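Please treat every number below as a calculation from the coordinates, not as lab data. Because the structure is a prediction, the values reported are computed rather than measured. Positions of Cβ are generated from backbone atoms using ideal geometry, with glycine treated the same way; all protein chains shown enter the neighbour counts.
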Amino acid sequence: MSQRILGELVPVGGGDPIPLTAEVMVIGRRPSCDICLNFQNVSGTHCELSLRNGVWHIRDLNSTNGIKVNGERTLRRPLRPGDEIGIANHRYRIQYQLPPGSSFDDIFAEEEDPFAQSLLEKAGLVRPKKPPQGRG
């Protein structure tokens with residue numbers, strides 16, 4: 001049975017693309033992670049990619065060395081196709097297709113709420129609040 005590919009992470013500078021095959025994927029150094037990056041500076045569970053309404057989102061899982069999107073440190077953020085993700089100092093481009101009939105402006109205007117994070121969270125000086133465990 002073949003897996004459905006929902007997108008991929010393409011290593012910047014070369015290497016094999018990493019297929020995104022589930023709607024929620026944990027990235028980290030632990031072998032139990034969905035995407036295992038066996039590098040010393042990657043935390044055991046570093047970050048999470050989740051597909052919501054056809055858009056991939058990234059969220060830091062309280063990692064030691066953080067995540068960046070297009071060079072800007074963040075704790076969570078929606079990702080446009082082609083965005084560069086930095087996990088510790090390892091860089092990847094995310095490639096995926098937006099849902100048919102949707103536009104960047106419509107999707108990302110709602111997602112990029114400047115008040116969604118405090119300034120301290122944006123600067124990486126405080127940990128984000130844990131989201132509720134139930135999914136709905």
* What are the semi-axes of the equivalent ellipsoid for region 7-95, taken as the square roots of 5 times the Cα gyration tensor eigenvalues, largest first, in whole Å? -> 17, 14, 14
* **Placed amide H near ARG76: partners under 5 Å, 5+ positions off or other chain** => ASP60
* Structure fact -> Nearest-0.05 FRET efficiency for ARG73 and GLU23 at R0 = 25 Å, using Cβ-Cβ distance, is 0.50
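Relative to the Cα centre, what is the charge dipole magnitude of region 7-95, using +1 at the beta carbon of each Lys and Arg, -1 at the beta carbon of each Asp and Glu, and rounding to the nearest 20 debye?
That gives a dipole near 240 debye.
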* Structure fact -> For region 1-102, whose charge dipole is built from +1 on Lys and Arg Cβ atoms and -1 on Asp and Glu Cβ atoms, the candidate among GLN97, VAL55, CYS36 with its Cα farthest towards the positive end is VAL55
